[in-house]
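J.: Structure in structure tokens, see below.
Readers should treat all values here as calculations from the given coordinates under stated rules, not as data from a laboratory. This structure is a prediction, so every number in the text was calculated from the model and none was measured. Methodologically, a virtual Cβ is constructed for each residue, glycine included, from the backbone with ideal geometry; neighbour enumeration extends over all protein chains shown.
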Amino acid sequence: MATTMSAVLLLFLTVFSSVFVLPALTSDDAGNKPGADKYKFLYFASITGGSHYFNLVASGRVLARQGHRVVSLVSSSNPTSHWEKDSSLFSFVVFNSSWTKQNRSDATDSLSASVLTGSLNHFWGHLLLDPVTRRKLDADGMMQMWRDECADLFADSASMKRLREEKFDMLVGDEFIACSPMLAQALDIPFVLNSVFFAIPSRHAMWSGLPLAPSYVPERAMGLTDRMTFLQRVQNVLGHFYLGNILFPLGSCNFKVFDKLKVKYNIKPEISTLESHKQALLYFMHGSFGLEFPRPMNPNTIYVLYNGGLDPNQTLDKEVAKFLDSAPDGVLLFSLGSNVRMLGPKQAQIFADAFNMLPHRVLWQSGADLTALKLGENTMVAKWLPLTYVMEQPNVRAYLSHAASFSMNEAMWAGLPMVGLPLFEEQMDDMVRVESRGAGLTLDITTITPETLSHAIRRVMTEPGFRKNAQHVSQIMRDLQNTPSPADNVARWILHVTRFGGEHLRPAVLDLNFVQRNLLDVYLFLAVALASVIFVNLAVCRLCCRCLCRRGRSGHFKKE
């Protein structure tokens, strides 16, 4: 009897748990793990290429390792070495470009030669360029290549057909040019955009709805901090107007060109290029508030420090390691980046002579041929270095650089003070931020001499305040980073908007026109209302005065 009762009880518990308990647990588990679904992502940054591409695909690697399908769209003009190392994680679609690999290399060299003249290292540089140089940069250079390749993509019917057949869930694109939103519209999929810069007030106020506050948010390349005098605020407002209404829409972004492409290929021509940008679900900006000036942000705009932390796969050449380890007075690390490879022998010798005056060793990364230079015994040249790894070496005391966003953030992460030689784009802004934190000095590449350069390097390497301030910035950056890998955080956000959309993050300001956004209609209404009240009061007062005057006159006549 007891055995029978036990069997009945066991059967009852089994049925109860299968009917009530297990479904509840399963339902709860599914609700807590929405990532069980697998998605298809299209990554697109190949038109700009270089650091834009490497920055963007970091999150794609995370998504691919999680089991999602990631397809990278690349141009036939891109060097194969830039993307083939991800072949184990990504699938690739290569569209046919009218530009060859050599054309792309020549355009990069032309840009490098121009920026090394210092003509673009100030705000008005592009406006003051001579016609020949401007044509090299625009019509014959990088910007023309970007526009041409965007048109080439939509003209490549085979590649577009393959992309449509994939039925992607999300496009992750570079925001520097307007092709990514157009591609998303052509494929009828949502998209997120990634920037390799800090937020640019004039650009991202239009594109992502960032609050515009020219009273304390400095405009790009103005050389200003968030503490401005009256005249600096005037300059900041003028700079914002020029960038937001002339340079970006008509120059580097050239909305009219992309509007024509939308009409030509029937890519939602009723929506302008500018309005297309506003449809992005998320904007990722590169940087950290450990270095950036405080400013208002929106929920759909996220700062990410992609290169925060070391790549575990990096190693150091034995000769380089020996050079670093045996340096009694520390080492200066010097690099002008991979794109700046047109350094002439006369300019290069200035650096070599300055380094020869130093008591410190110098590790110089350069892909150019420097064999003709007269180098000091304290200088070693390497064609390539794992910069983030070298920066973490204890004997490396300072970093001499053009202050591009990536290398500047890498140096600050490592706590290295800097001597900056900004050449163009965001580099002027980067050094303003470094100097405002007391973590470095800025020089003008057009006016440096061996003496001025060596003096600045000595100061940064020997005065303890620079290193102390750089290490303080490093500590803040590391403390603000809330994930082991920034790419993990980006991947998490991309998955979030893929599952739920981005409407809950999108500020309503993106749907307002200029008049509504700046409350001009409200101010006009209040002005008219105030004027009406004043007018009515004046009319009443005038009427009262007339009545009083009439009474006074009638009383006077009665007495007479």
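J.: Quote the charge dipole size of the chain about the Cα centre in Debye, to the nearest 20; the model charges only the Cβ of Lys and Arg (+1) and of Asp and Glu (-1).
T.: 2220
J.: Ok, one more. How about region 150-183: which GluC sites (Glu not before Pro) there lie in a loop by DSSP and see at most 10 other Cβ atoms within 10 Å?
T.: Listed in order of number, the matching sites amount to none.
J.: Also: Residues with beta-carbon under 12 Å from that of Lys268, excluding Lys268: net charge, scoring Lys, Arg +1 and Asp, Glu -1?
T.: -3
J.: Remind me, relative contact order of region 318-480 in percent, using alpha carbon pairs under 8 angstrom and six or more residues apart?
T.: Value for region 318-480: 22 percent.
J.: For the chain, can you list the cysteines whose C-beta has no other cysteine C-beta under 4.7 Å from it?
T.: Lacking a cysteine Cβ partner under 4.7 Å: Cys253, Cys541, Cys544, Cys545, Cys547, Cys549.
J.: From the residues Gln427, Val263, Ser81, which one has its Cα farthest along the dipole of the chain in the positive direction, the dipole being from +1 and -1 charges on Cβ of Lys/Arg and Asp/Glu about the Cα centre?
T.: Positive-most Cα among the choices belongs to Val263.
J.: Within the set of other residues whose C-beta is less than 11 Å from the C-beta of Met206, count the net charge using Lys and Arg as +1 and Asp and Glu as -1.
T.: Net of charged neighbours comes to +2.
J.: Take each complete run of DSSP H in the chain, measure how far its Cα atoms stretch along the helix's own axis, and keep only those covering 27 Å or more with mean Kyte-Doolittle hydropathy at least -0.5; list them.
T.: Span-like helices, by this rule, are 520-559.
J.: Taking only DSSP H segments of four or more residues, each worth -39500 (n - 2.57), what value at 222 nm results for the chain once the sum is divided by all its residues, to the nearest 500 deg cm²/dmol?
T.: Estimated from H runs of four or more residues: -15000 deg cm²/dmol.
J.: If you filter region 178-227 for trypsin sites (Lys or Arg not before Pro), then keep DSSP loop positions with at most 16 other Cβ within 10 Å, what is left?
T.: Arg227
J.: Shifting gears a bit: Would you mind checking which residues have amide H under 5 Å from Phe191's amide H? H placed 1.01 Å from N; only 5 or more apart, or other chain.
T.: Placed amide hydrogens put Leu171, Leu281 under 5 Å from Phe191.
J.: Tell me, what HN-Hα J-couplings in whole Hz come from the Karplus equation 6.51 cos²θ - 1.76 cosθ + 1.60 at θ = phi - 60° for each residue of region 384-398, using x for Gly and Pro?
T.: So the J values, rounded to whole Hz, are 8, 9, x, 4, 4, 5, 5, 4, 7, 5, x, 7, 7, 9, 7.
J.: Mind listing the long-range amide H neighbours of Ser72? Cut-off is under 5 Å, sequence gap 5 or more, other chains count too, H placed in the peptide plane at 1.01 Å from N.
T.: Close amide H contacts, sequence-distant or interchain: Tyr43, Ser91, Phe92, Val93.
J.: Roughly how many whole Å is it from the C-alpha centroid of region 349-389 to that of region 168-228?
T.: Answer, in whole Å: 37.
J.: Please give the contour-minus-distance gain from Asn103 to Ile271: 0.36 nm per residue of separation, less the Cα-Cα distance, rounded to one decimal in nm.
T.: Working it through step by step, the gained length comes to 57.2 nm.
J.: Please report, in debye to the nearest 20, how large the charge dipole of region 318-480 is about its Cα centre when each Lys and Arg carries +1 at its beta carbon and each Asp and Glu carries -1 there.
T.: 300
J.: Net charge around Lys40, counting only other residues with Cβ within less than 15 Å of its Cβ (Lys, Arg = +1; Asp, Glu = -1)?
T.: Once all neighbours under 15 Å are counted, the net charge is +1.
J.: Exposure proxy check: Val237, Val62, Val460 ranked by fewest other beta carbons within 10 Å?
T.: So the residues, fewest neighbours to most, are Val237, Val62, Val460.
J.: So, one more: Got a sec? How would Cys544, Cys253 order by Cβ neighbour count within 10 Å, fewest to most?
T.: Ascending Cβ contact count within 10 Å gives the list Cys544, Cys253.
J.: Between Glu319 and Glu292, what is the label-to-label distance in nm when each label sits 7 Å out along the Cα-to-Cβ direction?
T.: Going from the Glu319 label point to the Glu292 one covers 4.1 nm.
J.: Projecting each Cα onto the charge dipole of the chain (Lys/Arg +1, Asp/Glu -1 at the beta carbon, about the Cα centre), which of Val497, Gly209, Asn469 comes out farthest on the positive side?
T.: Towards the positive end, the residue furthest out is Gly209.
J.: Could you put Tyr242, Tyr523, Tyr53 in order, starting from the residue whose Cβ has the fewest other Cβ atoms within 10 Å?
T.: In increasing order of surrounding Cβ atoms, one gets Tyr523, Tyr242, Tyr53.
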